[in-house]
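Peer 1: Before I ask anything, here is the structure I am working with.
The values are calculated or read from the model by the stated rules, or taken from the named source; none is laboratory data. Just so we're clear, the structure is a prediction, and the values are computed from it rather than from any experiment. With ideal geometry, Cβ positions are generated from the backbone for all residues, glycine too; neighbour counts draw on all protein chains shown.
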Amino acid sequence: MAHKPRLLIVEDEAVIRSGLVDVFVYHGYEVDTAEHGEDGLHKALSGRYDMILLDVMLPGIDGFEICSRIRQQDRQQPVIMLTAKSADEDIVQGLTLGADDYVAKPFSVTQLVLRVQAVLRRAGIGDKPEREIRLANGVVADTENLCAGDTAFTRREMDLLVYLAQHSDRPVPREELLARVWGYANHLEIETRTVDIHVAKLRRKIEADPTEPSALVTVRGAGYRLLVADT
């Protein structure tokens with residue numbers, strides 16, 4: 001049986017913590033969580049995890065201190081820090097303490113998954129994510145360079161394309177896209193028009209005729225489905 005990467009999520013916001021658990025379990029991870037700094041530190045120092053997602057602002061011991069203590073014990077433990085702070089000095093502090101990466105809230109869930117995979121890949125853990133998405137209409141999207149031939153994508157457009165490709169066996173509802181790609185926990189209160197706008201932008205880039213899509217199709221009453229090439 002293939003090894004499931006073991007992930008520790010240290011996050012005090014229950015909605016974010018629960019959402020991340022759902023996402024990473026879906027992607028094949030074994031997930032443990034901690035809500036408070038002391039519990040997070042105790043679990044982090046156990047050495048039982050392939051990756052630690054560590055929020056900076058925690059009750060009790062903060063994430064910077066936890067990261068520092070982890071590095072005193074194990075210089076190889078993969079750590080990604082999560083925070084609402086985006087100031088340069090906070091990023092520098094986290095990376096100086098030994099974090100492998102630093103993701104500011106609000107973040108793209110799909111991008112976070114890819115960054116976790118990238119750090120694990122550098123550490124020799126887990127599977128390499130697909131670099132190319134081959135669509136049924138012949139378009140090939142490069143997920144690392146954010147392009148398809150001479151056509152460039154924004155990061156959000158590629159995040160959306162990647163998520164749809166990962167779930168190409170079914171139509172994906174707008175509400176799920178808002179939760180998983182945009183990271184909106186209370187997605188029912190968010191205007192779903194933002195998904196439609198991004199889908200329209202994607203279609204202009206991947207469809208010969210965006211008004212008659214052959215790869216990114218609408219399934220009435222169910223959402224959007226991406227048709228990928230047979231492998």
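Peer 1: Does segment 60-70 include one or more residues that are assigned to a helix (DSSP H, G or I), out of contact with any His (no Cβ under 6 Å at 6 or more places or on another chain), under 25 Å from Tyr163 (Cα atoms) and among the acidic types (Asp, Glu)? Break it down stepwise before answering.
Peer 2: Step one: of segment 60-70, the residues assigned to a helix (DSSP H, G or I) are 63-70.
Within this subset, residues satisfying the condition of being out of contact with any His (no Cβ under 6 Å at 6 or more places or on another chain) are 63-70.
Pick out the ones that are also under 25 Å from Tyr163 (Cα atoms) and you get none.
No, every residue in segment 60-70 fails to be assigned to a helix (DSSP H, G or I), out of contact with any His (no Cβ under 6 Å at 6 or more places or on another chain), under 25 Å from Tyr163 (Cα atoms) and among the acidic types (Asp, Glu).
Peer 1: Also, I was wondering about something else. When only residues in segment 91-108 that are surrounded by 15 or more Cβ atoms within 10 Å (Cβ to Cβ) and of a type in the set (A, V, I, L, M, F, W, C) count, which is nearest to Leu120 (Cα to Cα)?
Peer 2: Ala99
Peer 1: Would you be able to tell me the number of residues in segment 34-54 that are within 17 Å of the chain's Cα centre (by Cα) and of a type outside the set (D, E, K, R)?
Peer 2: 4
Peer 1: Out of (1) within 16 Å of the chain's Cα centre (by Cα); (2) farther than 19 Å from Val116 by Cβ, what's the single condition that is false for Met57?
Peer 2: Met57 satisfies all of (1) within 16 Å of the chain's Cα centre (by Cα); (2) farther than 19 Å from Val116 by Cβ except (1).
Peer 1: Take segment 96-118 and flag every residue that is of a type outside the set (D, E, K, R) and either closer than 21 Å to Asp62 by Cβ or outside any helix (DSSP H, G or I) (or both).
Peer 2: Thr96, Leu97, Gly98, Ala99, Tyr102, Val103, Ala104, Pro106, Phe107, Ser108, Leu112
Peer 1: Residues that are modelled with pLDDT of 90 or more and surrounded by fewer than 21 Cβ atoms within 10 Å (Cβ to Cβ): does segment 121-135 have at least one? Full working, then the answer.
Peer 2: Kept after step one, since they are modelled with pLDDT of 90 or more, are these residues of segment 121-135: 132-135.
With the extra rule that they be surrounded by fewer than 21 Cβ atoms within 10 Å (Cβ to Cβ), the set shrinks to 132, 134.
For segment 121-135, residues modelled with pLDDT of 90 or more and surrounded by fewer than 21 Cβ atoms within 10 Å (Cβ to Cβ): present.
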